[in-house]
1. Looking for whichever is farther than 25 Å from ALA152 by Cβ, assigned by TED's automatic domain parsing to the domain that holds ALA393 and modelled with pLDDT under 90 here; the options are SER425, SER443. Which one fits?
2. Within the range 258-325, which helices (runs of 4 or more DSSP H) (wholly inside it) include 2 or more residues that are of a type outside the set (Gly, Ala, Ser) and touching a Gly at 6+ places or on another chain (Cβ under 6 Å)?
3. All but one of (1) under 27 Å from GLY265 (Cβ atoms); (2) crowded, with 24+ Cβ neighbours inside 10 Å; (3) aliphatic (A, V, I, L, M) hold for MET339; state the number of the condition that does not hold.
4. So THR471 fits all but one of (1) at pLDDT 80 or above; (2) more than 21 Å from SER119 (Cβ to Cβ); what number is the exception?
5. Please go through the range 375-431 and give me each residue that is outside any helix (DSSP H, G or I) and not acidic (Asp, Glu), ordered by number.
6. Which condition number in (1) of a type outside the set (Phe, Trp, Tyr); (2) touching an Asp or Glu at 6+ places or on another chain (Cβ under 9 Å); (3) modelled with pLDDT of 85 or more is the one that GLY335 fails?
7. With respect to LEU92, is the statement that it is surrounded by fewer than 19 Cβ atoms within 10 Å (Cβ to Cβ) and either out of contact with any Gly (no Cβ under 9 Å at 6 or more places or on another chain) or on the phi < 0 side of the Ramachandran plot (or both) true?
Amino acid sequence: MSSTHTPAGTPSSRRWLALGLIAAAQFMVIMDTSIIGVALPEMQRDLGFSPEGLTWVFNAYVVAFGGLLLLGGRLSDLFGARRIFGAGWAILAVGSLLAGLAANPTTELVGRAVQGAGSALIAPAALTLLFTIFGANPGELTKALSLYGAAAPAGGTAGVFLGGVLTEYASWPWVFFINVPLAAVVLATMRSVMPQGTTRPGSLDVAGAVTVTAGLGSLVFGVVTAPQSGWTSPITLLAGAAGIGLLSTFVLLQARRREPLMRLGIFRAPNLAAANFAQFMLGAAWIPMFFFVNLYLQQVLGLGAFASGAALLPLTVTIMIGMIALAPRLIGRFGPQAMTVAGLAVLAAGLVWLSFIGPDGSFVADVLPASLVTAAGMAMAFIPSLGLALSSAAPEEGGLASGIVSTNYQVGSALGLAAMTALASAFGADRVGDAAAQTAGYSAGLLGAAAIAAVGALVTNAWLRSTAPATPETDELPAAV
């Protein structure tokens, strides 16, 4: 069966209001990963977290989010993207209430995991709805993707500010409670502005859902715990082996089932695998950069949380301007393949420049110019690679394609951050109080991230099939996107 609402029949004003809700979803998903940072010390004191356990306030969200994204995409295809979008917001609100009302570490971590599960439904459903609403018009699609992409850095920066404001002037539970009124607004308005999304008959591959969710969750669990427990510790090796074994079982199940959770043949679509690889490498290079720059500003240069957040505003503004105003024109002129490769290369160059930070450096000289170059690279590569990844799949598999690309970016982010954190620690980043050692460690981590971006550019250049750019006057994605 299909939706009773068609994208072509959605009035223009409601299309852009729907995009506002979709962008709010991206904003919230990213904000929830950054808003807790400033609140962690008070949470540790009030709830009795150990230093090691405190990291799981972040990790519980990441593990649930990364492990359930593919399932969220499949559910969008079977039951309609709007329905799953709304379910995700409802689950996020419940998890936020649970996390804010928690009186002990266990309840807090359960609440964070529930938040991650809600976000795993929201993210792929939001992308599916975006393509349902704007996919028929390449020019509008490019603009919609640009606004959607710009919501991510805005959410990351807003999280730093809001976390500090709410923790200082209210209390730490409000970093979670703030999700509840936004969820209520989305749930109250989405039916009037969003199409239902197509649905189709079929059964849910329960065995596939269990194995892929457990496999991704185990793999992410092993990676995020490795910096604390050690890369060769029994828990890391066991989690990694379990993750690989479960994911291998998942692939075997998908090859044999008539209605699999993820049709393996989807990867034969031109550019789908290559564009997802580009998204994976973008996450693996970008998130460590953001992490190390923030630590350098606070632990070496001595900036406070608010000052550090303000220092990141130029980077955020550059990305937003690049994605909204420049990326659509450049994609139309040069094509998505060239833009993806060039963006990864520019990101690598900016990261190399950032690696020259010094223990007696300054924000204006050591961080600002290089960070703007990395922001330009991210803005150039993110939108075209995302568009290629989503548009390469058949329309009826839009939710699956959204789940795959969201999973690749999030898992790439988790793997890249864990690996680069371990590299930075090996060069002295964990020697708190020793500015020279910490700076050397951050520099090593930034060089490692630059290598990831450079490899991404080289492989993507060889893997992506060339697509003809549109004429400069159209400012539209080419027909392939």
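1. When all the criteria are applied, what remains is SER425.
2. On the way: elements: 272-295, 305-311, 313-321.
Where helices (runs of 4 or more DSSP H) fall fully within the range 258-325 and carry at least 2 residues being of a type outside the set (Gly, Ala, Ser) and touching a Gly at 6+ places or on another chain (Cβ under 6 Å), they are 272-295.
3. (1)
4. Failing condition for THR471: (1).
5. Once the filter is applied, which keeps residues that are outside any helix (DSSP H, G or I) and not acidic (Asp, Glu), the range 375-431 yields SER392, ALA393, ALA394, PHE427, GLY428, ALA429, ARG431.
6. Evaluating GLY335 over (1) of a type outside the set (Phe, Trp, Tyr); (2) touching an Asp or Glu at 6+ places or on another chain (Cβ under 9 Å); (3) modelled with pLDDT of 85 or more leaves (2) as the failure.
7. So LEU92 fails the test.
Conditions (1) in contact (Cβ under 8 Å) with a residue 60 or more places away in the chain; (2) assigned to a helix (DSSP H, G or I), marked per residue:
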{"position": "ALA25", "(1), (2)": "yes, yes"}
{"position": "ILE36", "(1), (2)": "yes, no"}
{"position": "ARG45", "(1), (2)": "no, yes"}
{"position": "ALA64", "(1), (2)": "yes, yes"}
{"position": "TRP89", "(1), (2)": "yes, yes"}
{"position": "LEU92", "(1), (2)": "yes, yes"}
{"position": "GLU108", "(1), (2)": "yes, yes"}
{"position": "ALA125", "(1), (2)": "yes, yes"}
{"position": "ILE133", "(1), (2)": "yes, yes"}
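The values are calculated or read from the model by the stated rules, or taken from the named source; none is laboratory data. All of these numbers come straight from a predicted model, not from anything done at the bench. Note that we place each Cβ from the backbone using ideal geometry, even for glycine, and neighbour counts take in every protein chain shown.
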